[in-house]
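Undergrad: Provided herewith is a single structure, encoded as structure tokens, for subsequent inquiry.
Values quoted throughout were computed directly from the atomic coordinates according to the rules given, and no laboratory measurement underlies them. A quick note: this is a predicted structure, and the numbers were derived from the prediction, not measured. Neighbour counts are summed over all protein chains in view; Cβ atoms, including those assigned to glycine, are modelled from backbone coordinates with ideal geometry.
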Amino acid sequence: MTLHGLVATLAGLVLAYTVPVRAQAQTVVFRGRIVVAAGGPPLRQMTVRLDRFGTATPNDGGFFSAAIPSGTQSIRIQVATGNPRWMLRYPTSAVAVPRDTSFVTDIIVGPSLDETLSRDFASSVTRLGASLRSAGAADSQIIAAINALRREFSTRTNVRIDELRDAEKLSGERAKIYPELSSALERFMIRANNITIAFQYLLEPSFGSDSAFAQLLRAITEYNAAFEALKTGRAGFEDGVAANWQNPAATSDLRAVLDYALGDIHAIGVLPLNDVLPDVRRILTGRLSGREAQARRAEVMASVRLSVTALRARLDELERRKIRVLGTLQSS
């Protein structure tokens with residue numbers, strides 16, 4: 001056999017022989033969602049560890065995904081919350097990996113046991129102080145009773161006294177801020193609703209009645225006072241919630257509620273109603289009369305009907321937003 005023939009034969013044998021190649025490891029996607037209890041740390045500072053397969057960072061909605069080896073039956077999840085007083089509450093053991101890769105596993109983050117105990121103690125102390133004060137106890141007696149209770153609670157639970165004091169301070173600040181905020185929003189809502197009622201029932205008689213026009217102006221004046229109170233207190237409410245609830249989502253929701261009240265409700269809903277008052281006064285005082293007055297009166301009535309309808313819809317939306325944000329603050 002010639003050298004050329006030998007090379008060709010060997011090449012054929014090499015090509016005919018299949019060399020086993022290690023198959024690349026196949027992966028599947030594990031999907032999860034971080035659910036944080038009210039008052040918890042922001043999602044953007046959290047990191048999810050999926051066993052030995054790596055880490056993932058949740059988006060603003062709490063969702064995350066990561067590749068894990070195909071065939072993995074279960075996986076242990078850990079969450080670094082960025083806050084030692086918040087921890088993974090579920091799952092506390094390995095979870096099954098869903099066969100359906102579109103399935104989303106909920107991961108719940110909540111306060112630690114110490115945080116929960118401190119919060120409950122602070123709430124109890126706030127109520128106890130109020131009860132003793134209403135019963136006529138002196139401040140020195142109240143302080144002595146709370147100090148004794150705090151020492152006993154710390155001994156039984158191993159929660160440090162300074163942590164209990166911090167929780168009490170936070171609870172006390174919340175107890176002051178919440179009713180002020182709730183009252184300011186409620187007063188604004190009532191006065192704004194009163195405006196819709198006043199313009200619906202008092203506008204038409206105001207063209208010919210000093211008394212009706214005076215009642216209409218009174219509704220506007222009362223609303224303006226509620227508006228100014230909410231506007232003036234806004235910065236304090238936002239700062240107070242940010243500092244004492246430490247819940248970025250609740251702070252953002254409150255800011256949105258106040259934007260809506262002072263923007264959409266006031267600037268878009270109420271001010272157009274104010275704008276018709278000079279024409280009502282001109283017709284009432286006779287400075288505008290005859291056909292011109294009749295035409296302008298018809299225009300004002302039509303315009304106000306549309307404005308009142310739109311304002312009522314906006315007030316319904318504000319009520320929904322108000323209930324949501326106050327509910328979050330109250331339950332935190």
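Undergrad: For Gln294 and Val104, calculate 0.36 nm times their separation in residues minus their Cα-Cα distance, and state this gained length in nm to one decimal.
TA: 61.9 nm
Undergrad: Using the beta-carbon distance between Asp316 and Ala225 and R0 = 22 Å, what value does 1/(1 + (r/R0)^6) give for FRET efficiency, to the nearest 0.05?
TA: The computed FRET efficiency comes out at 0.45.
Undergrad: Roughly how many Å is it from the Cα centre of region 80-116 to that of region 249-281, as a whole number?
TA: After rounding, the separation between the Cα centres reads 41 Å.
Undergrad: Here is a follow-up. Could you tally the net charge around Ala249, taking each other residue with its Cβ under 14 Å from the Cβ of Ala249, Lys/Arg +1 and Asp/Glu -1?
TA: Taking every Cβ under 14 Å from that of Ala249, the sum is +1.
Undergrad: Can you work out the PRE-style zone for Ile190? Point 7 Å along Cα to Cβ, and I want the residues of region 209-225 with backbone N under 12 Å.
TA: From region 209-225, the list is 223.
Undergrad: Starting from region 181-287, pick out the trypsin sites (Lys or Arg not before Pro) whose DSSP state is loop and whose Cβ has at most 15 other Cβ atoms within 10 Å.
TA: Arg287
Undergrad: What is the fewest-to-most order of Phe53, Phe227 by other Cβ atoms lying within 10 Å of their Cβ?
TA: By the 10 Å Cβ count, ascending, the order reads Phe53, Phe227.
Undergrad: Need one word for the chain: rounded, prolate or oblate. Basis is the Cα gyration tensor (sqrt eigenvalues a ≥ b ≥ c); a/c below 1.5 gives rounded, then a/b vs b/c decides.
TA: oblate
Undergrad: Find how many whole Å separate the alpha carbon centroid of region 124-179 from the alpha carbon centroid of region 196-241.
TA: Answer, in whole Å: 41.
Undergrad: While we're on this one: List residues of region 281-312, by number, whose backbone nitrogen lies under 17 Å from a label position 7 Å along Cα→C-beta of Ile268.
TA: 306-312
Undergrad: Label points 7 Å out from Cα along the Cβ direction at Thr155 and Ile143: separation in nm?
TA: Going from the Thr155 label point to the Ile143 one covers 2.2 nm.
Undergrad: By its C-alpha gyration tensor, with a ≥ b ≥ c as the square roots of the eigenvalues, how is region 115-159 shaped: rounded for a/c under 1.5, else prolate for a/b larger than b/c, else oblate?
TA: oblate
Undergrad: What is the local net charge at Gln78, summed over the other residues whose Cβ is closer than 15 Å to its Cβ (Lys, Arg +1; Asp, Glu -1)?
TA: Every neighbour counted, the sum reads +3.
Undergrad: Work through the residues other than Phe64 whose Cβ is under 13 Å from its Cβ and net out their charges, Lys, Arg +1 and Asp, Glu -1.
TA: +2
Undergrad: As I understand it, the value is the acute angle between the Cα axis of helix 290-331 and the longest principal axis of the Cα atoms of the chain; what does it come to in degrees, rounded to 10?
TA: 40
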